[in-house]
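Notes follow once the structure below has been shown.
The values are calculated or read from the model by the stated rules, or taken from the named source; none is laboratory data. What you see is a predicted model, and the numbers here were worked out from it, not measured in a lab. Glycine also receives a Cβ, built like all others from the backbone with ideal geometry; neighbour counts cover every protein chain displayed.
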Amino acid sequence: MTKFLLATLFVAACGKGDKVPGTGSAAPGSGTPLGAPIADNKPPAVGSEGRIVLNRLGKHAKLHVGEVGTYPVGNAPLTPTTDCCKAADHNCPVDPTAWAGEPWKTLDFSIDAPGRFRFSYDGAADGKSFTATAVAELDCDGKLTTWTAKGSVDGAGKPTVDITPK
C-alpha cells in the first residue's frame, strides 16, 4: 500500500514538470490512466503519435525513479524490429512479445494498438538519464519523422523528461 501511495504522489508531482505541450493526454492524478485521451476522445494526428507515446513512456520512467531512485538501465533497439511500412496497412501490428524483454518490462511499457512509430530506449549505466526515440516513415516514402525523449535526474533526485522533434 505504501508503494502505491508513494507512486501516486510521485506521478502527481511529476506531471507538473512535463514539457510536452498539446499532447492530448490526461494530467497525472486526474483519475484517468496515463496517456489516455482527454474527454473529447479525438484520435491524435498521425505525426503526433510518437510524441504522445513518448510522453507516456516518460511518465512510466518517472514512476520508476520514484520507486527505486533511478531510470531503468539498459537498451532496447527499435521495437517492433520490422519497419511498419512493410505491413499491408503501413501500421506496425500489435505484438505483445516484442515488449516482453528489458527494459520495456521494467518500464511496464508496451504498444497495444497498431501504429506507425517504432521505439527505442537507451538507459545510462548509472540510471540518471535515458534517451528514448520514436521513429516513423509516415508516408512510406523514405522520409523519417523522429521524436526524442531525454530524461534526467537533478541533484535533488527530481526526474524530468523533455520531448523534442528531431
Only one of (1) closer than 19 Å to Leu63 by Cα; (2) among the basic types (Lys, Arg); (3) in contact (Cβ under 8 Å) with a residue 12 or more places away in the chain is not met by Lys105, so which one is it?
(3)
Scan the range 82-89 and give yes if some residue there is of a type in the set (A, V, I, L, M) and at pLDDT 95 or above, otherwise no.
no
Considering residues that are of a type in the set (Phe, Trp, Tyr) and at positive phi, the number found within the range 49-95 is 0
Take the range 82-107 and flag every residue that is surrounded by fewer than 15 Cβ atoms within 10 Å (Cβ to Cβ), within 25 Å of Val68 (Cα to Cα) and either acidic (Asp, Glu) or in contact with a helix residue (DSSP H, G or I) (Cβ under 6 Å, 6 or more places away or on another chain) (or both).
Glu102
Could you please let me know if Ile111 is within 13 Å of the chain's Cα centre (by Cα) and in a loop (DSSP other than H, G, I, E, B)?
yes
Filtering the range 52-73 down to residues that are closer than 11 Å to Lys128 by Cα and touching a Ser or Thr at 6+ places or on another chain (Cβ under 7 Å) yields Tyr71, Pro72
